[in-house]
Amino acid sequence: MSRTGEFSTVLNWEASTRNRLAAAIDRFSGPLADLVERDANEGDTRMLVTDFLSYGLNFSKYEEMTTEYRNSGDSIDYALKLDDELFAPIEVKRCGQDLDARNIQQARRLAIEEGAEWIILTNGRTWQVYHLRSEGDDAPRTVRIIDVDLMDEAEEAHTRAVDALFHITHEAIEHGRLEELRKWREAVEPAPLAEVLVCAPVVEAIRSELRARTGHAGHIGDADEVRRSLAEDVIARGLAPDLEEDAEA
């Protein structure tokens with residue numbers, strides 16, 4: 001297949017997946033609002049979550065979703081199984097309950113025991129996706145990768161919800177998009193960003209911009225001076241928030 005054809009194929013599966021997901025969010029918005037209004041119990045919330053996993057995220061109810069998943073020590077509400085292996089435990093809370101990391105302790109233990117890297121926590125309205133990051137011999141660290149509220153009324157909230165939940169659709173997982181999102185989230189953490197800021201291409205770009213701003217095109221500047229200032233002043237003193245405030249102003 002030509003490169004153009006390959007690109008077109010990617011666009012086709014991604015566009016169709018996003019369209020289906022957007023339609024599912026719209027479809028379930030009414031029932032979800034009803035559940036929230038009457039503060040429905042966990043059982044009713046589970047029914048909506050099951051349908052959304054099936055129609056929105058495209059997981060088979062009968063082959064890839066298992067209810068009351070158990071191992072030797074823990075039991076959880078759902079599990080997603082891909083290729084007959086546990087992909088992600090799913091913990092479901094009632095629609096009116098606030099979510100936090102304490103809600104996934106059982107799922108975390110189960111995932112670690114069975115070698116799964118992902119955990120999904122939801123109350124139907126809020127969907128959170130956690131990654132278990134292995135760090136040497138220490139216990140895996142739980143890192144939240146996705147956090148989206150399907151009832152957020154802010155402008156562009158629907159688009160943001162589709163963009164976020166797209167990564168846990170069956171198709172996106174198969175095409176490696178969830179893994180790509182994980183790598184990006186790790187890349188924009190402080191330590192990796194600090195490394196990027198002092199790498200040679202970035203330092204050279206900063207030198208060029210500084211010469212342009214000062215009008216000293218003939219003075220090449222010293223790369224080590226720029227790198228030292230970045231490391232000792234900008235990064236160490238944490239000036240990023242000031243930069244954000246300047247950008248907003």
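The values are calculated or read from the model by the stated rules, or taken from the named source; none is laboratory data. Since this is a predicted model, take the numbers as computed values, not measurements. Counting neighbours? That spans all protein chains shown, and the Cβs are built from the backbone with ideal geometry, glycine included. To get the accessible areas, we keep the full protein, side chains included, count just its heavy atoms, and leave off ligands, DNA and RNA. Shrake-Rupley method; radii C 1.70, N 1.55, O 1.52, S 1.80 Å.
Just one of Ile120, Ile76 is more than 20 Å from Glu174 (Cα to Cα) and surrounded by 20 or more Cβ atoms within 10 Å (Cβ to Cβ); which is it?
Result of the check over Ile120, Ile76: Ile76.
Pairs only if they're at least six apart or on different chains, beta carbon under 6 angstrom, first in the range 95-113 and closer than 21 Å to Thr45 by Cα, second open to solvent by less than 50 Å² (accessible area, probe 1.4 Å) and at pLDDT below 90; list them, first residue then second.
Gln106/Asp74; Gln106/Ile76; Ala107/Ile76
If you go through the range 138-148 one residue at a time, how many are in contact with a Lys or Arg (Cβ under 8 Å, 6 or more places away or on another chain) and crowded, with 16+ Cβ neighbours inside 10 Å?
So the answer is 3.
With the checklist (1) modelled with pLDDT under 90; (2) in a helix (DSSP H, G or I) in hand, flag the one item Ala111 doesn't pass.
(1)
Look through Glu153, Glu135 and report the one residue that is more than 27 Å from Cys95 (Cβ to Cβ), open to solvent by 20 Å² or more (accessible area, probe 1.4 Å) and acidic (Asp, Glu).
After applying the criteria, what remains is Glu135.
Pull up the range 52-71, narrow it to residues that are outside any loop (DSSP other than H, G, I, E, B) and open to solvent by less than 50 Å² (accessible area, probe 1.4 Å), then point me to the one that is modelled with the lowest pLDDT.
Among residues in the range 52-71 that are outside any loop (DSSP other than H, G, I, E, B) and open to solvent by less than 50 Å² (accessible area, probe 1.4 Å), the one modelled with the lowest pLDDT is Tyr69.
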